[in-house]
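Below is one structure, written out as structure tokens, with a few remarks after it.
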Amino acid sequence: MIRVEASWVRSSDSAELGPFRLTLGRGERVLISGPSGAGKSTLLSLLSGGLARHGRGRVVGEVRIDERDPATMPPAERPSCLGVVPQEPGDALVAGTVADEVAFGPRCAGLTELERRVGEALERAGCRVDRGRDPRELSTGERQRVVIAGALAAGAPVLLLDEPLAFLDPAGAEALLRELAALSEVGVTVVVAEHRVRTVLPWCTRHVALRDGVVVADGAPGASPPEPDALPLAPPAEEVVLRVDGVDEPRAPGLRDLSVELRAKERVAVLGANGVGKSTLLRALAAGSPDRIEVPADPDLTLFCGTVREELAYGPTERRLPGAMEHVIRVARALRIEHLLDRAPHASSRGERLRIAVAAALCTRPAVLLLDEPTAGQDEAAVERLFAGLRELVPDAAVIFATHDPGVARRHAHRTIVLGER
Amino acid sequence: MSDARTRVLLVLAVGLLATVLDRPTALSALALTCVIALLAVGGRWSRAALLASLGIAWTTVVSQGLFYGGLPRTPLIELGPVAVWREGVAHGLVQSLRFVASTCAGAALALSTTPDRLAEALVRLRVPWGASFLAVTALRFVPVAASEWWTVRQARARRGRPLLARAPWAWLAAETALLRPVAARALRRASALGESLELRGFDPSVAPRAAAEPWPTLDRAVLGTVGALVLAIVAAEALTWTYVHGLVYVPALRPVYGFVRTWL
């Protein structure tokens, strides 16, 4: 059982929580929802004891898991007490192979039968990759499954998962939720912080909604919120702005002699299972012309200037586009990052960094914009604002985006490309 | 060498030899051996490491040749007021050969051994588990950081002019700016990794149990031979040092003093 009583919590990145009181019973399936910045990750960090360790935050109150404080628990006992899946799966990897990665926690806890534990955990997480592969070479979704398997392997009675579905395809998300439900049937308490509320609500037995660091609702899950209305898209033009033939990549099963054509004003969604080759396809399409700008799934690596203003102005200044600064302000306003203009891009939150990267791409006025997973880790309102910004700022450009959210594809694309094993 | 412990000890031997050897001939032989080992590993990272170390070595030789301030000095090449000094070139050569030998040996070890095997080998060699894990984790992220740096470069190139279309100082400033996202990413990753390790029960004071693994006979034989050679060289260098500094002189060791001064 988990019991939290806190009057005030502050993380090292200044997120604040509380006051609140929460008691989670054995076998409960808890969804923690709320907009970006509501405090979901901070709450999970508090539950795991991470906030109270090494000055990562300040806690006025107490957390107990089976009457023990997770912050002061001896290291070797932690994997058997709670499993944690962090928000950025790639950053949590510690070993050189998938098998070693999954076995890391149980090995640190001194558990035996590592091979059996690894096999079972990989199976439960729906991870079917070669165990000898370097996890860093896997796709983002596959890496996420490996990290989830690592959290399951020690058989902890409490699982905390921070946006575990962010990079999973719908089938993978459903399968993972089924597995988590099966674990809860045998007494494991599963706590999931997630933006994909519509997917998780039917699964959970309890819904905790946060806003500005405070619990605003706590109880049995209600009905799923309706999907946002789809606004009509302007019809695509006749002019073909991109044509690529024979896209072929041996390591991506969905890419075998693929041809893609995009017309001006066209919006295309790329769907497909994890590891099928969506990102590889976008990279292949982006190559070859400066009029095609790609925003990768990890936008951090596209931000290299000292301030957001410089970042947005870089492309238009380099390309000597007329009215660059006015356009920068217009783009910043449309994507709601105007207040960040004089701040360092890397000092912003993940969602803000994504919007800055998209804004920087938009400022170059591309003919083709390629977005890799622009919905991952974003709340629905932020996703809708992003696509509204695209309609307003680059109405004539072709936009192609990879996503795992069929609803976003339905609302914001003229057509979809579904990649599958060929 | 199949055992990671052997490779680690061979790299230590190279480091020791690179420190005690002084003659360009001996250091050249050592550096050449390490370059061959690195090339034998293969792959683009080994070529990149070799090119980088040779580039630094060449720069060291040229800068020492041009700016050597010690006396006496003899001009090797004179171009008006600019001279390349023979003693400077020799000094630069010795320093750069030491650098090439150590770097190539280290790179060959890092590129031919998986981080897990390396951590295991260090623990078996009685290096504390926390230090082994730290060293290996840092090593694991070197190619990641390099690949991220390349990604940032490509992202910038898509949004701007080609690199060569800039003045040299602007090019330098632009290249330096690339480090910003890589450093920010590294910091973010380090924090996430630290938290992940902590939550997964990592304790630097408790090494995980590893099954005993026999040390192959061939590896033992090679290590024995190399160890004996290194010991002999270190002993000869030490004896010569005591003679040169007027501490101990043994007439029977004159051939050793001569050999060290000519070849080592």
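Computed from the C-beta positions of B:Ala170 and A:Arg333 and an R0 of 41 Å, the FRET efficiency is 0.85 to the nearest 0.05. With a cap of 14 neighbouring Cβ atoms within 10 Å, and only residues DSSP puts in a loop, list the trypsin sites (Lys or Arg not before Pro) found in the range B:50-98. The qualifying sites are B:Arg73. If R0 is 41 Å, the Cβ-Cβ spacing of A:Ala220 and A:Glu249 corresponds to a FRET efficiency of close to 0.30. Placing pseudo-labels 7 Å out from each Cα toward the beta carbon at B:Thr242 and A:Asp212 gives an inter-label distance of 8.0 nm. Taking Cα centre as origin and charging only the Cβ of basic (Lys, Arg, +1) and acidic (Asp, Glu, -1) residues, the dipole magnitude of the protein assembly as shown rounds to 1320 debye. Give me the distance between the Cα centres of the range A:321-369 and the range A:133-179, rounded to whole Å. The two parts, judged by their Cα centres, are 32 Å apart.
The mean number of Cβ atoms from other chains found within 10 Å of a Cβ in peptide B:147-159 is 6, as a whole number. With the simple model of a label 7 Å out from the Cα in the direction of the Cβ, A:Asp257 to B:Val206 spans 5.7 nm. Counted over the protein assembly as shown, the DSSP beta bridges are approximately 45% antiparallel. Against the criterion of solvent-accessible heavy-atom surface with a 1.4 angstrom probe, A:Ile148, A:Ile329 sort, most first, into A:Ile329, A:Ile148.
With the convex hull drawn over the C-alpha atoms of the range A:126-285, the volume per residue is 159 Å³.
Within the assembled protein chains, the solvent-accessible surface assigned to A:Met325 is about 80 Å², based on a 1.4 Å probe.
In the context of the full protein assembly, B:Ser102 retains an accessible surface of approximately 50 Å², using a probe radius of 1.4 Å and ignoring ligands and nucleic acids.
Computed with a 1.4 Å probe on the full set of protein chains, the accessible area for B:Val89 sits at about 40 Å². Spin-label model, B:Leu76 to A:Thr23: label points 7 Å out along the Cα-to-beta-carbon direction sit 8.2 nm apart. So if I take the centroid of the Cα atoms in the range B:207-264 and the same for the range B:103-161, what is the distance between those two points in Å? If we compute the Cα centre of each part, the gap is 31 Å.
A:Val240 to B:Val142: FRET efficiency via 1/(1 + (r/R0)^6), r the Cβ-Cβ distance, R0 60 Å, to the nearest 0.05? Calculated value: 0.90.
Note on A:68-80: average number of Cβ atoms from other chains within 10 Å of each residue's Cβ is 2. Averaged over every viewing direction, what's the projected area of the C-alpha convex hull for chain B? Give it in nm², one decimal, please. The directionally averaged projection comes out at 20.7 nm². One decimal place: the segment B:Ser28-B:Arg126 gains 32.1 nm when fully extended, by the rule 0.36 nm per residue minus the C-alpha distance. Projection of the Cα convex hull of the range B:140-201, averaged over all directions and equal to a quarter of that hull's surface, yields 4.9 nm².
For the range A:225-309, the list of trypsin sites (Lys or Arg not before Pro) that fall in a loop by DSSP and count at most 12 other C-beta atoms within 10 angstrom reads A:Arg251. Of the complete DSSP H runs in chain B, those spanning 20 angstrom or more by Cα along the long axis with a mean Kyte-Doolittle score not below -1.0 are B:4-20, B:24-41, B:44-67, B:86-112, B:129-159, B:179-199, B:217-244. In the protein assembly as shown, inverting the average of 1/r over every pair of distinct C-alpha atoms gives 28.6 Å as the Kirkwood radius. The calculated 222 nm mean residue ellipticity attributable to helices in chain A amounts to -9500 deg cm²/dmol, summing -39500 (n - 2.57) over DSSP H runs of n ≥ 4 and dividing by all residues.
For the listed peptides A:41-50, B:29-38, B:217-226, a ranking on the average number of other beta carbons within 10 Å per residue, highest first, reads A:41-50, B:29-38, B:217-226. Taking only the alpha carbons of the range A:2-219, we obtain Rg and Dmax values of 16.4, 47 Å in that order.
Residues B:Val230, B:Val127 ordered from highest to lowest accessible area at a 1.4 Å probe: B:Val127, B:Val230. About its Cα centre, the range A:240-419 has a charge dipole of approximately 340 debye under the convention of +1 per Lys or Arg Cβ and -1 per Asp or Glu Cβ, with nothing else charged.
Checking every one of the GluC sites (Glu not before Pro) in the range A:16-119 against DSSP loop status and a limit of 13 other Cβ atoms within 10 Å picks out A:Glu67, A:Glu113. Among A:Glu384, B:Glu120, A:Glu311, the order of accessible area from largest down is B:Glu120, A:Glu384, A:Glu311, computed with a 1.4 Å probe on protein heavy atoms. The DSSP beta bridges internal to the range A:2-219 are antiparallel in roughly 55% of cases.
The values are calculated or read from the model by the stated rules, or taken from the named source; none is laboratory data. Remember, it's a predicted structure, so these values are computed and weren't measured experimentally. We place every Cβ from the backbone using ideal geometry, glycine too, and count neighbours over all the protein chains shown. Just so you know, the surface numbers come from the protein's heavy atoms only, side chains and all, with ligands and any DNA or RNA stripped out. Shrake-Rupley method; radii C 1.70, N 1.55, O 1.52, S 1.80 Å.
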